[in-house]
Each structure stands twice: as C-alpha cells, then as structure tokens.
1. Any aspartates and glutamates with Cα under 20 Å of the LYS182 Cα? List them, leaving off those in the same chain fewer than 8 positions away.
2. How long, wide and thick is the stretch 83-168, going by the Cα atoms along their three principal axes, in whole angstroms, largest first?
3. Which ³J(HN,Hα) values, rounded to whole Hz and listed in residue order, are derived for the stretch 150-164 from phi using the Karplus coefficients 6.51, -1.76 and 1.60 in 6.51 cos²θ - 1.76 cosθ + 1.60 with θ = phi - 60°, glycine and proline given as x?
4. Could you size up the charge dipole of the chain around its Cα centre, putting +1 on the beta carbon of Lys and Arg and -1 on that of Asp and Glu, and report it in debye to the nearest 20?
5. Report, by chain and number, residues whose modeled amide H sits under 5 Å from the one on TYR117, excluding near sequence neighbours (fewer than 5 apart, same chain).
6. Measure nothing fancy, just the Cα-based angle from helix 82-99's long axis to the longest principal axis of the chain, in degrees from 0 to 90, nearest 10.
7. Would you calculate, for the chain, the mean residue ellipticity at 222 nm contributed by helices, counting each DSSP H stretch of 4 or more residues as -39,500 (n - 2.57) and dividing by all residues, to the nearest 500?
8. Tell me the accessible surface of TYR134 in square angstrom (1.4 angstrom probe, heavy atoms of protein chains only), to the nearest ten.
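The values are calculated or read from the model by the stated rules, or taken from the named source; none is laboratory data. Just so it is clear, the model here is predicted, and its values are computed rather than measured. Note that we place each Cβ from the backbone using ideal geometry, even for glycine, and neighbour counts take in every protein chain shown. For the accessible areas, the whole protein counts, side chains as well, though only heavy atoms, and no ligand, DNA or RNA atoms are used. Shrake-Rupley method; radii C 1.70, N 1.55, O 1.52, S 1.80 Å.
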Amino acid sequence: MKLLKPVKHSVLQDDILRYKKNKFAGNFALLALVFNCLYFTMLYAVHATQIYNALIGLSVIVNLLVLLAGFYCSEGIKNYNKKFSFALFVLAAIQIVRIFVYPIMGITNGWLTGNYYFGTSMSVGANGAIMIIYLVVSAACFIVSGVQGFLAAQRLEGFQKKIDSGEISVEKSLAELDEADKLASAEEVDNG
C-alpha cells in the first residue's frame, strides 16, 4: 500500500490561519519572559549594598512592566494582531537598554559581587556576562516573536481581503482537491 503525501495547497494553508492560533510567536514571547526572570533572579541575588538605591526600585517596576506587557503581547500575537508585534519590538528595545544599566554599571563599578547563583560563587565578570546574555536572549526572543507574528498577520490579512473580494473561494479550492483525490485514487486502482 502506497502512502500518499499530504497535499500542499496554499489556499487551505492560509485558511487554517483563521482557525488556528499563532503559537510559535506566542511561545517565543513567553520564552523571552523566562530569560527576563532568569536575569532578575540573578540581579536580586547580588548582596552588594551599592546597588540598593532608587535605581533598584525603578528596576523592579520595569521588570514588572516587562512581565505584564510581555505576557499580554504573547496572548495578543497569538491572535494575529499586528499591533502586538510593534509592542514586542519596544520590549526588545527595553531589554537592550537595560544591558547598559545594571550589568554594565555593575561591572564597571564592581557592584556585582557577593552572591551565589545555583550554588556557585559568582565573580563580577561572570555576573555581568550572564546578565547580559539573559537580556540579549530575551530581546532576541521578543524580536523573533514580533517578526514572525507580523508576517503571519500580514499573510492572514491578505488572505482575508482576497476572500472578501471574491478572488479566492475556499469551497472551490476544497472541491478541486476532492476532484484531484478522486483522480489519484482512480489511477491507483487502475495501476494496482
């Protein structure tokens, strides 16, 4: 018995977008939040008293806003809303700017000392490097989520315009695929 390959039909693939959520983009936005959480757990594990000033209060507020906005954007981008792509790009920019606050300032001023991270004593350079990596990966995940979400939303929007204008008919495409399947089965019976 010969297995048939699934038919790749662009109209049907685009039609599926209307009923299926964009989990890829949503999951990348959530992954960005995971790296953000890893960053702030490392930052708040530092015991140097020099970092405890008004800037740490602002850092807590920014962390909360990034978490809330990131989660909201992950839900919005799943529904193919282009506006959330731009919000994800803003969150990525915020993560990049944050590199120059505590990680860079902490390295240059020697603040990032006196902590253990997952049971390992951390030096100033190791703390700073890992914090920078977490923020860069978080920003990259936000960007991937935003780009893929924007492209998928554009594709769905264009498809919906074609359906609304009558240029494409999903029913007609399904009938064509059914006819092609009938012909393929008839050929298989004749050859088999």
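1. Of all the aspartates and glutamates, those that pass the test against LYS182 - Cα under 20 Å, at least 8 places apart if same chain - are GLU171, ASP190.
2. Computed over the Cα atoms, the extents are 67, 24, 12 Å.
3. Once θ is set to phi - 60°, the couplings for the stretch 150-164 become 5, 5, 5, 5, 4, 4, 5, 5, x, 5, 5, 5, 5, 5, 5 Hz.
4. 720 debye
5. MET122
6. Once rounded, the angle reads 30 degrees.
7. Helix contribution divided over all residues of the chain: -25500 deg cm²/dmol.
8. Looks like 40 Å² after rounding.
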